[in-house]
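Each reported figure results from applying straightforward, stated rules to the coordinates on display, with no laboratory input. Model, not experiment: these values are computed from the prediction. Because the Cβ atoms are built from the backbone with ideal geometry, glycine has one as well, and the counts that use them run over all protein chains shown.
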Amino acid sequence: MTRTKKFSVWIFILLGFASCSQPFYDHSYEVDAQSLSYEDQMDFEFEVQDTQQYYSVWLELEHDEAYPYQNIYLELQSVAPQRDTFQEAFSIDLANKFGYWQGQCSGDQCTIQVPLESKVRFENKGRHVLSIRQHTRMPQLEGIRKVRLTIEEVES
């Protein structure tokens, strides 16, 4: 390989590593005994210093292939540093109308990642808390293995 080609390969590799940035925030909760109850609240806490930065917020769920429902209802509560609170219940479709799982499945588990916000700014500097809990009609929800929240910085 010529010297110019070697240099080009190294530049390509370095640019590839430079474009793979770490998320601003990434935290997971493993669900004990794969049973999620009403009382199980998952608190995701992070510090915001730049109120001009835009972010994408992603929720990832890992569940059994034997999960008995097409969707899951969750309740999201957001607490900002000034104690402003926002609360919302929402549904995530884990399977389509034909019963096929959305996301990626391997073996007996499936993982789906859904956007909660695609381009949002946090208005206040300081500690923010996003809390998630299951909000179905079942007091114990079987088959959920993991809940993960990822926040990524995006270009404005």
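For GLN140 and THR51 in the same chain, what is the full-extension length gain: residue separation times 0.36 nm, less their Cα-Cα distance, in nm? Write out the running numbers ahead of the final one.
Details: separation 89, 0.36 × 89 = 32.04 nm, distance 3.83 nm.
Additional length available on full extension: 28.2 nm.
Report the extension gain between SER131 and LYS119 in nm, rounded to one decimal, defined as 0.36 nm multiplied by the number of residues separating them, less their alpha carbon distance. The partial results should precede the final answer.
On the way: separation 12, 0.36 × 12 = 4.32 nm, distance 1.96 nm.
2.4 nm is the gain from fully extending SER131 to LYS119.
Based on the Kirkwood radius over alpha-carbon pairs, what value in µm²/s does the Stokes-Einstein equation return for the translational diffusion coefficient of the chain at 20 °C and 1.002 mPa s? Don't skip to the end; give the middle numbers.
Details: Rh = 17.7 Å.
D = 121 µm²/s.
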Between GLU75 and ASN96, what FRET efficiency follows from the Cβ-Cβ distance if R0 is 25 Å, with the result rounded to 0.05? 0.60
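Would you please give the FRET efficiency between THR85 and SER35, computed as 1/(1 + (r/R0)^6) with r the Cβ-Cβ distance and R0 = 25 Å, to the nearest 0.05? If you can, show how the numbers build up before the last one.
Numbers: r = 28 Å, r/R0 = 1.11.
Using R0 = 25 Å, I get an efficiency of 0.35.
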So the angle from the long Cα axis of helix 3-19 to the longest Cα principal axis of the chain, reported in degrees to the nearest 10, equals 30 degrees
